[in-house]
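Trainee: There's a structure below that I have some questions on.
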């Protein structure tokens, strides 16, 4: 090719109105079209995020390629079905108020608030299951899909038991949350049968699966939710 091209991906509704899902240079601007060889096949991948206010319904997924001279071509990529998402913006009852902000308190960066928790039981026997219910609220639109970790720590800081997965058992990742939305997220920590009696710190936080970077909370990267007492 003799020049560069620009790529746009739209979701087009039945009236012909398009929603922009992605735009940019091919291969995320790492391999410009002007250096492609004749007949070369170039694999390109796009991760277009659907707007949170996009109405449910049937759409046509359409790719448009424009060159630097203003010409272009559109290619239909097939149908796209957008399903309705049940959202809630009111917090349910919980046992303990937390009100801790993970992430940025400014307009830059992802921010998620832990409104409150219910931990049942706080005192348990070895081999029992400690249920942890977290009530989150999105402070703004969240760009990244974070994994939640819920860890029970030994006195020396090592992990006694844990659960790590995206929210709602992986079914509702954070990048789908709408600003102000409230999400109830449940975890079950199984205490090993050989757990010695004593007090164990319970901690929670967020990290990115790729690279492991954590969302800060205050001046640290995990939140202490108090202790779980393991009885004799």
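Please treat every number below as a calculation from the coordinates, not as lab data. Quick caveat, the model's predicted, so the values are computed rather than measured. Ideal geometry is used to build each Cβ from the backbone, glycine not excepted, and the neighbour counts take in all protein chains shown.
Trainee: Most exposed first by the Cβ proxy, i.e. fewest other Cβ within 10 Å, how do 6, 206 rank? Walk me through the intermediate numbers first.
Mentor: Values: 6 16, 206 26.
So the residues, fewest neighbours to most, are 6, 206.
Trainee: Let me see the pair-distance distribution of the range 147-218: every alpha carbon pair, 5 Å bin width, integer percents in order.
Mentor: 3, 14, 22, 23, 17, 11, 7, 3, 1
Trainee: So what is the calculated 222 nm ellipticity per residue for the chain, using -39500 (n - 2.57) for each DSSP H run with n of 4 or more, over all residues, to the nearest 500 deg cm²/dmol?
Mentor: Working: 1 runs with 4 residues, N = 232.
Helices in the chain give a 222 nm mean residue ellipticity of 0 deg cm²/dmol.
Trainee: Would you look at the GNM of the chain, springs on alpha carbons closer than 10 Å, and say which of 148, 27, 135 moves the most?
Mentor: In the Gaussian network model the winner is 27.
Trainee: OK, next. Suppose each label sits 7 Å from its Cα in the direction of the beta carbon; what would the residue 43-residue 81 distance come out to in nanometres?
Mentor: Placing both labels 7 Å along Cα→Cβ, they lie 2.8 nm apart.
Trainee: Return one quarter of the surface area of the convex hull spanned by the alpha-carbon atoms of the range 68-151, equal to its mean projected area, in nm². Mind dumping the intermediate values first?
Mentor: Values: hull surface 44.9 nm².
It is 11.2 nm².
Trainee: When the Kirkwood radius is taken over all Cα pairs of the range 5-82, what Stokes-Einstein diffusion coefficient follows at 20 °C and 1.002 mPa s, in µm²/s? If you can, show how the numbers build up before the last one.
Mentor: Values: Rh = 13.7 Å.
Result for D is 157 µm²/s.
Trainee: If you average 1/r over all unlike Cα pairs in the chain and invert the result, what Kirkwood radius do you get in angstrom?
Mentor: One over the average 1/r among Cα pairs gives 20.9 Å for the chain.
Trainee: Dividing the Cα radius of gyration by the Kirkwood radius, what Rg/Rh value follows for the range 96-230? Write out the running numbers ahead of the final one.
Mentor: Details: Rg = 14.7 Å, Rh = 15.2 Å.
Radius of gyration over Kirkwood radius for the range 96-230 works out to 0.97.
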